[in-house]
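Peer 1: The structure that follows is given in the form of C-alpha cells.
The values are calculated or read from the model by the stated rules, or taken from the named source; none is laboratory data. Since this is a predicted model, take the numbers as computed values, not measurements. Cβ placement follows ideal geometry from the backbone for every residue including glycine, while neighbour counts extend to all protein chains displayed.
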Amino acid sequence: MEPLMYYFAECRNRPFVWGEHDCVTFVATCLDLQHGTNYRHIVRSRFQCFGAGDYARLTKRIPLSERVTEIMGEPVSADKLKDGDLALISNGRLPSLGIVIWPVVFSPSDEGLLPVTFDRVIRGWTACRTH
C-alpha cells in the first residue's frame with residue numbers, strides 16, 4: 001500500500017484532466033502501483049482516453065461498468081471491497097471510478113482527489129487478488 005499512498009499524496013491537489021488524470025487513468029495507475037500490472041497501458045490502448053463529450057457518447061453505448069468488467073472480471077458487492085479495490089460511484093453526473101481506502105472511495109475531481117462515501121458506490125471489483 002505504500003506506493004499507493006505516495007501516489008495519493010501526489011494526486012491530492014491535482015485537478016481532473018481527461019486522458020491524463022481522469023477516473024480511469026487514476027484507477028489503472030493505482031492498480032499498477034499495487035500489483036505491478038500494466039492496466040494503464042491496457043486502458044489507453046483498448047479504450048483510449050476521450051474528452052468529456054466522447055466519454056458520454058461512449059458510455060451510453062457500452063456502460064463504464066461493462067468496460068471495467070471486461071478487464072477486472074465479475075463485480076462484487078460493496079461490503080466485500082477492501083483497501084485498494086475499485087468502485088464505481090455515483091457523483092451526480094456521469095458515474096466514475098475510484099479506489100477504496102476505507103471508509104471512503106477516492107476519485108479525481110476538478111479540485112483534486114475527492115473522498116466519496118460508500119453510500120454512493122454502485123458496483124465494485126477486487127483488485128488483482130488472484131494475480
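Peer 1: Looking at the range 27-41, I want the residues that are closer than 13 Å to residue 125 by Cβ and have a partner that is in a helix (DSSP H, G or I) and of a type in the set (Gly, Ala, Ser) with Cβ atoms under 7 Å, at least 6 apart or on another chain. Which pairs are those?
Peer 2: 39/28
Peer 1: Given (1) crowded, with 16+ Cβ neighbours inside 10 Å; (2) modelled with pLDDT under 80; (3) assigned to a loop (DSSP other than H, G, I, E, B), identify the lone condition not met by residue 84.
Peer 2: The failed condition is (2).
Residues are listed down the side, and each one gets a yes or a no for (1) of a type in the set (Val, Ile, Thr); (2) part of a loop (DSSP other than H, G, I, E, B); (3) surrounded by fewer than 24 Cβ atoms within 10 Å (Cβ to Cβ); (4) without any contact (Cβ under 8 Å) to a residue 60 or more places away in the chain:
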| residue | (1), (2), (3), (4) |
| --- | --- |
| 91 | no, yes, yes, yes |
| 105 | yes, no, no, yes |
| 114 | no, no, yes, yes |
| 122 | yes, no, yes, yes |
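Peer 1: Taking helices (runs of 4 or more DSSP H) that do not extend beyond the range 1-75, which have at least 2 residues that are modelled with pLDDT of 90 or more and over 12 Å from the mean Cα position of the chain (by Cα)?
Peer 2: Counting at least 2 such residues, we get 2-11, 23-35.
Peer 1: For the range 1-41, what are the residues that are basic (Lys, Arg) and under 20 Å from residue 94 (Cβ atoms)? Show your work before the answer.
Peer 2: We begin by selecting, within the range 1-41, every residue basic (Lys, Arg); these are 12, 14, 40.
Within the range 1-41, 14 is the sole residue that qualifies.
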